[in-house]
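Some notes on the structure that comes next.
The values are calculated or read from the model by the stated rules, or taken from the named source; none is laboratory data. Small disclaimer: the values here were computed from a predicted structure and weren't measured. Here the Cβ positions follow ideal geometry from the backbone for every residue, glycine too, while neighbour counts run over all protein chains shown. Only protein heavy atoms, including side chains, enter the accessible area calculation; ligands, DNA and RNA are left aside. Shrake-Rupley method; radii C 1.70, N 1.55, O 1.52, S 1.80 Å.
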Amino acid sequence: MNIFRLTGDLSHLAAILALLWKIWKSRSVAGLSGKSQLLFALVFATRYLDLFTTFISVYNSVMKCIYLICSWGTVYLMYLKFKATYDSNHDTFRLEFLLIPVAGLACLVNHEFTIMEVLWTFSIYLESVAILPQLFMISKTGEAESITSHYLFLLGLYRALYIVNWVYRYYFEGFYDFIAIVAGCVQTALYCDFFYLYITKVLKGKSLKLPA
């Protein structure tokens, strides 16, 4: 644990809580991609199976539980409680275009060919592209609400901080995980255009509009 890892975790948590707050306060999931939220819930479900087999620390276990509860809670709110406000007409990204390649890659490129390790690797690869349905949805509608923009920015910040964390760990501990680093860099790269628009428009009080 270091300051970059901790800040990244807090940014990730802030993103999730901001999204839940937005949904609960507005009683609406308009503008949000249920497919992205479903993918994130699947990411946590496959990554944190070791919650039942391995204890690392109280902090680690608590954060895993929070991510699992919040991610699946978001899926529940989107597909059940506030289903009437869900814009499925614009949330049309084909999930099989992500799930099939990611599953195949996880089986081929992993640290060890065991069920737990392959599922962990699957979650790492899937997280790197899980935001694509949300970005695709925004590109179709041409605009994102401010709270949705804040949510995406915090997610991108979380990944960017994790890259700094990996640099820190390699320099001071000699540790690195090639799979996590490459997947994290891919995920961060997907946010680059969004970061620029967020900084130049949203922070100045303007509506964020993405090119179609």
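What to note about this one:
- Within the stretch 145-161, restricting attention to residues that are open to solvent by less than 40 Å² (accessible area, probe 1.4 Å) and in contact with a Phe, Trp or Tyr (Cβ under 9 Å, 6 or more places away or on another chain), the residue that is modelled with the highest pLDDT is L161.
- Candidates F44, F4, F82: the one that is more than 23 Å from L135 (Cβ to Cβ) and among the aromatic types (F, W, Y) is F4.
- Residue within the stretch 30-51 that is open to solvent by 60 Å² or more (accessible area, probe 1.4 Å) and of a type in the set (D, E, K, R) present: no
- Per-region count, the stretch 162-171, residues surrounded by fewer than 19 Cβ atoms within 10 Å (Cβ to Cβ) and either outside any helix (DSSP H, G or I) or among the hydroxyl-bearing types (S, T, Y) (or both): 3
- Candidate set from the stretch 1-29 (those that are of a type in the set (D, E, K, R) and within 21 Å of S88 (Cβ to Cβ)); member that is surrounded by the most Cβ atoms within 10 Å (Cβ to Cβ): K22
- Residue among S11, S61 that alone is over 23 Å from F122 (Cβ atoms), among the polar types (S, T, N, Q) and either in a helix (DSSP H, G or I) or in contact (Cβ under 8 Å) with a residue 60 or more places away in the chain (or both): S11
- Residues that are within 17 Å of the chain's Cα centre (by Cα) and assigned to a helix (DSSP H, G or I), drawn from the stretch 78-97: M78
- One residue from I56, I100, I69 being part of a helix (DSSP H, G or I), under 26 Å from T7 (Cβ atoms) and open to solvent by 60 Å² or more (accessible area, probe 1.4 Å): I69
- Qualifying residue in the stretch 108-116 (condition: buried (at least 21 other Cβ atoms within 10 Å of the Cβ) and modelled with pLDDT of 95 or more): no
- Residue check, T121 in a helix (DSSP H, G or I), β-branched (V, I, T) and in contact with a helix residue (DSSP H, G or I) (Cβ under 6 Å, 6 or more places away or on another chain): yes
- So S36, is it free of Cβ contacts under 8 Å to residues at least 40 places away in the same chain, of a type outside the set (A, V, I, L, M) and under 24 Å from T92 (Cβ atoms): no
- Yes/no for L19 being in contact (Cβ under 8 Å) with a residue 60 or more places away in the chain, in contact with a Cys (Cβ under 9 Å, 6 or more places away or on another chain) and of a type outside the set (D, E): yes
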